[in-house]
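S.K.: Sending over a structure as structure tokens; questions will come in a sec.
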Amino acid sequence: MKKLYNYISAIVILISISYQTFAQNEFYNNGALVTLLNGSGDATPTLFVSGSVTNNNGIINNNASFLQIESGNFTNTVSSYYYQSTGKEMFSGAVNNTISGTWNGTSANRNQFYNLKINKTGATGENIILNSSVTGNTVNINAAGTLEFTSTHGIIRTQSSSVTSAPYTGDYTNTLYIQNPSASAIIGHSTAIASKTKYIEGKLRRQVNAAAAYFFPIGVVNTGLDGMEAYNLTFNSAPTSKSILGYIRPASVAPSYRNVLSDVGTDPGPGNDPFPNCIGGPDGIYDLYYLDATNDLSHEWMATASDAVGTINYDATFYPGSNLDALGKYYVIPAACGSPYSGKLIRVVAKDGIVGGTRQIGPGNWAPWKHLTTYIWSDFATAGQQAITLGGQTSFSSFRIHGTNLSSSTALPVELISFTITPVNNTYFDLHWQTASELNNAGFYVQRSVDGATFENIGWVAGNGNSTTLQSYTFTDRDVQTDITYYYRLQQVDYDQKVKNTYILSGRLDGNSFNVINIQPNPTFLNPQAIVQAPKDGNLQLDIYDVSGRILKTSYQPVTKGNNQFEIDMDVLAKASYLVRFIFNDEVVTKKIIKY
């Protein structure tokens with residue numbers, strides 16, 4: 001057995017291309033300074049080691065040279081010294097190699113790889129194993145360096161052993177960190193969907209700083225799922241420099257809502273027909289599809305930023321293989337629904353459980369009924385295409401694919417399309433709602449609550465039975481006071497007495513203002529009744545003018561906080577038109593009264 005050892009720290013070894021050192025087994029540096037010189041070419045290494053390289057608290061300086069390890073491991077065990085490189089490091093051959101020790105350096109080109117090359121040729125046993133044992137558990141590649149796959153195989157695994165059975169956990173111990181922010185810092189990796197070679201089994205961190213596409217060739221063991229299950233982040237504008245950690249793991253985030261609204265096509269109406277009954281394209285009325293739990297992918301992708309996140313905008317494209325995501329299980333929107341959705345799969349991406357992520361619309365007035373409380377998303381995957389893109393994202397999180405395979409899980413249209421509340425003159429509330437279509441609709445109970453939990457009926461508005469046209473409804477609630485929050489909902493009742501509740505609205509009148517709510521009757525031949533809202537207790541001054549502006553009468557009326565009702569004394573006044581000025585704490589309201 002041949003070994004090249006250096007045990008004396010005072011010795012300096014210079015290895016150059018002119019005097020190549022070839023050892024059959026090991027290169028062991030025990031505390032000395034070793035410098036590799038003059039070997040930057042790819043053809044011939046400056047130092048070729050058939051076995052392992054160990055730096056035991058010495059200095060190995062790869063000075064723009066070429067270190068090749070054939071079948072052994074590279075251990076960098078240092079405390080006060082380091083491995084330093086501005087050159088190339090290559091792992092070759094057809095067996096596993098392990099990288100261990102301290103490789104988390106971020107400065108001075110120390111304790112990190114510079115240009116790491118993977119040159120594996122064997123179809124089995126081709127792993128580069130990251131087995132770092134230091135805090136941070138990272139193996140770093142220099143900010144000016146690259147990771148290059150130069151041959152047919154080479155999987156970098158970021159923990160000591162693969163998980164060879166489901167669920168193929170993504171909680172890997174270590175991380176490969178590409179500190180170079182160039183989008184081309186990884187070279188020669190697999191790009192084909194479900195590749196079994198040349199990718200990272202585990203966690204990959206990439207530095208990003210450009211409006212460019214950054215590919216994350218990550219996955220699980222090549223005998224599980226599809227091997228590589230990659231994704232790509234395309235930044236639409238240059239992000240503030242940051243690092244993104246990417247990997248795939250067993251899914252833990254379910255959709256926030258499984259009922260999703262999307263304007264897919266035109267309903268023959270009335271009623272809730274499934275998508276196959278479409279008679280045309282989108283019609284401005286939202287339709288429903290349901291995300292089946294059986295179609296939730298078993299795994300989810302992670303893209304997280306560990307450092308400060310500035311303004312970002314990116315598109316994320318995911319490349320699952322057919323074992324993870326079989327396209328045949330998704331419902332295909334029929335041709336009858338027309339452009340642009342016919343022929344597409346109801347297959348969508350959720351970010352952190354929200355379908356559509358940043359670009360999601362809602363929640364809001366588009367999903368009123370309790371069983372439809374949801375979000376809206378109308379961007380489906382093309383049938384027959386494995387990749388799926390989620391555009392316009394502005395934050396990082398988990399990503400998971402969902403879908404449906406049942407036409408019975410779809411319906412068009414959603415009946416109620418709006419429900420709003422409007423305070424009028426800080427005095428009362430108008431409730432307004434619209435339906436796109438109605439089927440056996442007897443009407444609506446208007447319900448109110450002061451705690452948002454216990455509701456009572458305060459009115460009934462009859463429905464239109466069966467309708468395929470837009471219907472509008474209004475209800476006015478005048479029995480309200482200031483400084484109280486009121487909650488409203490509708491309870492829609494079918495002819496068969498089935499009921500559905502809408503979402504809840506709330507409103508509050510400002511008790512800090514003075515207002516004359518009503519004077520009735522007007523015109524009048526008696527003393528009319530005035531309803532006045534006061535923000536606090538006090539005295540109200542009433543001045544009655546004729547049309548020429550002459551004050552005919554002044555009186556004072558004590559009022560309390562809230563609504564007050566009293567007569568306006570007009571007995572001695574002739575039949576004519578008058579102006580009544582109400583003055584309270586420097587607030588003035590003028591009303592016209594006609595006496596006949």
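S.K.: Collect the residues in the range 431-445 that are assigned to a strand (DSSP E or B) and either buried (at least 21 other Cβ atoms within 10 Å of the Cβ) or of a type in the set (Lys, Arg) (or both), keeping them in residue-number order.
M.R.: Across the range 431-445, the qualifying residues are Leu431, Trp433, Thr435, Glu438, Asn441, Phe444.
S.K.: Looking only at the range 464-518, which residues are small (Gly, Ala, Ser), within 18 Å of Gly443 (Cα to Cα) and surrounded by 12 or more Cβ atoms within 10 Å (Cβ to Cβ)?
M.R.: Once the filter is applied, which keeps residues that are small (Gly, Ala, Ser), within 18 Å of Gly443 (Cα to Cα) and surrounded by 12 or more Cβ atoms within 10 Å (Cβ to Cβ), the range 464-518 yields Gly465, Ser467.
S.K.: While we're here: Search the range 304-351 for residues being β-branched (Val, Ile, Thr) and farther than 29 Å from Asn222 by Cα, and hand back the single one that is surrounded by the most Cβ atoms within 10 Å (Cβ to Cβ).
M.R.: So the residue we want is Ile333.
S.K.: How many residues does the range 210-244 hold that are assigned to a loop (DSSP other than H, G, I, E, B) and surrounded by fewer than 17 Cβ atoms within 10 Å (Cβ to Cβ)?
M.R.: Adding up the residues that qualify gives 9.
S.K.: Here are Pro276, Pro268: which of them is surrounded by fewer than 19 Cβ atoms within 10 Å (Cβ to Cβ) and free of Cβ contacts under 8 Å to residues at least 12 places away in the same chain?
M.R.: Only one candidate qualifies: Pro268.
S.K.: Which condition breaks for Lys500 when tested against (1) assigned to a strand (DSSP E or B); (2) outside the structural domain of Phe444 (by TED's automatic domain parsing)?
M.R.: (2)
S.K.: In the range 99-131, what residues are more than 17 Å from Ile187 (Cα to Cα) and among the aliphatic types (A, V, I, L, M)?
M.R.: Selection gives Ile99, Ala108, Ala123, Ile129, Leu130.
Residue-wise test of (1) hydroxyl-bearing (Ser, Thr, Tyr); (2) at pLDDT 85 or above.
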{"residue": "Asp477", "(1), (2)": "no, yes"}
{"residue": "Tyr488", "(1), (2)": "yes, yes"}
{"residue": "Gly507", "(1), (2)": "no, yes"}
{"residue": "Gly511", "(1), (2)": "no, no"}
{"residue": "Val516", "(1), (2)": "no, yes"}
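The values are calculated or read from the model by the stated rules, or taken from the named source; none is laboratory data. A quick note: this is a predicted structure, and the numbers were derived from the prediction, not measured. Neighbour counts are summed over all protein chains in view; Cβ atoms, including those assigned to glycine, are modelled from backbone coordinates with ideal geometry.
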